[in-house]
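Notes follow the structure.
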């Protein structure tokens, strides 16, 4: 029963987040300076026919409450509207650009998690070598966290593309074009996650179970890998929500910097062109991703520590 109530509560929270995101994006459209029709047209062709089509599609001749309810009704039916800048359905625009962004964010997450796990496992422990490496790793992590992804990307481009010529400067052709953008997004994640994971490992190594394991002759490396890591994962997994915001936000600048296609470039073009239907759809998609990640985190908590109950 407790588990079912937990699932219902999480689903209700997720729906509330999606509703809040939809409402916020719609209110932003209403309170934006200027005429709503002008905002929706943006820099596109402005003709009486287009204005009439916009008024008819958005029901702008009806009361605002009715417009808002109609907007929610369209969303429930999967209708995200039409981009007046591209003259295409918003769903179609997002569908054609989502694959490169998913590829980039997954690669960046893999880079961040892998680097953090390796560094934390190597530097955690009581040995003198581990403590020395931990000091060096702390400095590197601080630098990675402090420097914005776009600056990391500029440095990577200057060194590995312009100077050494190892990777392409822009585009998304082949795995080589993914390396530098994934590093630019993944290094800050590795910096934060590495600090949290190593701190969790250090605390776990001071627990009674660690003392017992040492007394049985278990080596420090084996103790870290077999026992302490599991106890250190809860705070690290919690950061996945932060990862989501970092990856989605960083993808916008990173895709533009490296000349990659994707939702980041679509969002940037939509904001600069005041293509509000696309902007609103990107906000909703970001909220949906966040809700999905949060739900998966709850499941991960249970897998890591069965004592956790919904």
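Coordinate-derived values only; no laboratory data. These numbers were taken from a predicted model, which means no experiment stands behind them. FYI the Cβ positions are ideal-geometry reconstructions off the backbone, even for glycines, and counts take in every protein chain you see.
For the peptides 104-111, 152-159, the ranking by packing is 104-111, 152-159, with the highest mean count of neighbouring Cβ atoms within 10 Å listed first. In this rough spin-label picture, where each label sits 7 Å from Cα along the Cβ direction, the residue 73-residue 56 distance is 1.8 nm.
Computed from label points 7 Å out along Cα-Cβ, the spacing between residue 49 and residue 27 is 3.8 nm. Rounded to the nearest 0.05, what FRET efficiency is calculated for residue 16 and residue 147 with R0 set to 41 Å and r the Cβ-Cβ distance? In this case the efficiency is close to 0.70.
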